[in-house]
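To keep things clear, I will list the structure first and then write my remarks on it.
The values are calculated or read from the model by the stated rules, or taken from the named source; none is laboratory data. These figures come from a predicted structure and were not determined experimentally. Note that we place each Cβ from the backbone using ideal geometry, even for glycine, and neighbour counts take in every protein chain shown. The accessibility values were calculated without ligands, DNA or RNA, using every heavy atom of the protein model including side chains. Shrake-Rupley method; radii C 1.70, N 1.55, O 1.52, S 1.80 Å.
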Amino acid sequence: MKGDKISALGLVLSLVLVLVLSSCGGMAGGGETDGASADSEAKGASDEAQRSVFAMDTYMTVKAYGENAEDACDAAIAEITRLDNLFSVGIEDSDVSLVNKNGGGEVSEDTKYLISRSLDIYEQTDGKFDISIYPVMDLWGFTTQDYHVPSEEELKDKLSLVDASKISIEEGEVSFEKDGMQIDLGGIAKGYTSSGIMDIFDDYGVESGLVSLGGNVHLKGKKQDGSPWKVAIQNPDETQDYLAVLEAGDVAVITSGGYERYFEEDGKTYHHILDPETGYPADSGILSATVVTADGTLADALTTSIYIMGTDEAIEYWKASEDDFDMILYTDDGKLYVTEGIYGSITSPAGAQIVEVSR
């Protein structure tokens, strides 16, 4: 087993999306760029601010440009910390930890909203997005890094606790229909957080900025020179080549892939995106799923759901969905699928197949 080593690698690879900010169009890795300074030199150093913090089990970076950039970044970091203290299963007195420990209980307005939204998406995705997966995640060791391939008996026992339809939330009170049920908001919390930071940017009059939360990037406006942001989507094979580069603004660009967190046992690799139906790592044929939409909360949840669905089901879901989102899928046969709303904004060295709504 390769516990700590694999965990460290997964942390690096969780920075799936990297921003291409330099005026010459070069790519910078790991979500951190030196090119940002090139855009801001003409404006003056006082017009640019950046803050970083480790929260929600990943490194987060906030950047803002404009007169109130410093204050906006400070407020954004404070909001990240506040929400981490509500949602993190790694914080003993968080809302989620207390609900899991006590089998229910009262929660804050933010947690109430996020659980309610999670239950809505659970219904919309036919159970693919299920926040009650936590006991199975814990069984595999993805919550503790004490990795373990469970036996069929162990898995069957924990799978009996996975069913988000048995979660109720009324007037801020969470309850479970079955003893032992627990939840994890890790598949949606970062997207909710990034959307909240966009609201903070609005409050401070920031018209250009971004937040990078691991594999999540949320963009505000355009770059300082008026051109669109460029987001490079990392190739799951861990090479330096990118699958594609997307020009975008005022959207979240969120990617999920099994290469983000995994471990090896007896020569086999097991990743952290578990199928709620089987309890095993999803094996849908999708290696990387990216969702693009202004709603960071939706984007975060849908990347997991679409990864589990597989290509055909994901495309049908996109065609039938009333939600306004686009997606980029990379499959194990080397194909790249891009929905029509962003197809014209994508460049890819491998080429891409357009996915269109039937007319």
Just the number, please: carbon plus sulfur as a percent of the accessible area of the range 144-193, 1.4 Å probe, no ligands or DNA/RNA counted. 39 percent
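Assuming R0 = 25 Å, can you tell me the calculated FRET efficiency for the pair S52 and E92, based on Cβ-Cβ distance, to the nearest 0.05? It would help to have the intermediate numbers written out before the result.
On the way: r = 25 Å, r/R0 = 0.99.
Step by step, r from the Cβ atoms, then E = 0.50.
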Could you tell me how far the Cα centroid of the range 156-218 sits from the Cα centroid of the range 47-121, in Å? 9 Å
How much length would be gained if the chain were fully extended between K178 and N68, taking 0.36 nm per residue of separation minus their Cα-Cα distance, in nm to one decimal? 34.7 nm
Subtracting the Cα-Cα distance of S227 and D333 from 0.36 nm times their residue separation yields 34.8 nm
Expressed in µm² per second, the diffusion coefficient of the range 274-326 from the Stokes-Einstein equation, with Rh the Kirkwood radius over alpha carbon pairs, at 37 °C and 0.692 mPa s, is 287 µm²/s
Under 8 Å for C-alpha pairs, at least 6 residues apart: give me the relative contact order for the chain, rounded to a whole percent. 18 percent
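Taking 1 over the mean of 1/r across every pair of different Cα atoms in the range 291-359, what Kirkwood radius in Å do you get? Before the final figure, lay out the partial values.
Values: mean 1/r = 0.0808 Å⁻¹.
Evaluated on the range 291-359, it is 12.4 Å.
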Quick one: helix 189-203 against the long Cα principal axis of the chain, what's the angle to the nearest 10°, folded into 0 to 90? 40 degrees
Please work out the average accessible area per residue across the range 183-290, using the 1.4 Å probe convention, and give it in Å². 35 Å²
Using +1 at the C-beta of Lys and Arg and -1 at the C-beta of Asp and Glu, which of A248, V217, I188 has the Cα lying farthest in the positive direction of the dipole of the range 147-291? A248
Tally up the carbon and sulfur contribution to the accessible surface of the range 196-318 as a whole percent, 1.4 Å probe, everything protein left in place. 41 percent
Would you compute, for the Cα atoms of the range 134-245, the largest minus smallest coordinate along each principal axis and list the three values in descending order, in whole Å? 58, 45, 21
In terms of the alpha carbon gyration tensor, root eigenvalues a ≥ b ≥ c, rounded if a/c is under 1.5 and otherwise prolate when a/b exceeds b/c or oblate, the range 187-279 is oblate
Dmax and Rg, reported as Rg then Dmax, of the range 67-163 (C-alpha, Å): 16.6, 59
Name the residue, out of P281, P228, P349, whose mean-square fluctuation peaks in a Gaussian network model built on the chain with Cα pairs under 10 Å. P349
Using 7 Å Cα-to-Cβ label points, what is the D120/D146 separation (nm, one decimal)? 3.8 nm
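Per the Kirkwood definition applied to all pairs of different Cα atoms, how many angstroms is the hydrodynamic radius of the chain?
Numbers: mean 1/r = 0.0483 Å⁻¹.
Evaluated over the chain, this radius sits at 20.7 Å.
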Please work out how much length the chain gains when fully extended from E153 to E171, using 0.36 nm per residue of separation minus the C-alpha to C-alpha distance, in nm with one decimal. 2.8 nm
Estimated 222 nm signal from helices in the chain, with DSSP H stretches of n ≥ 4 weighted -39500 (n - 2.57), rounded to 500: -10000 deg cm²/dmol
Kindly report, to the nearest 10 Å², the accessible surface of M181 as traced by a 1.4 Å probe over protein heavy atoms only. 10 Å²
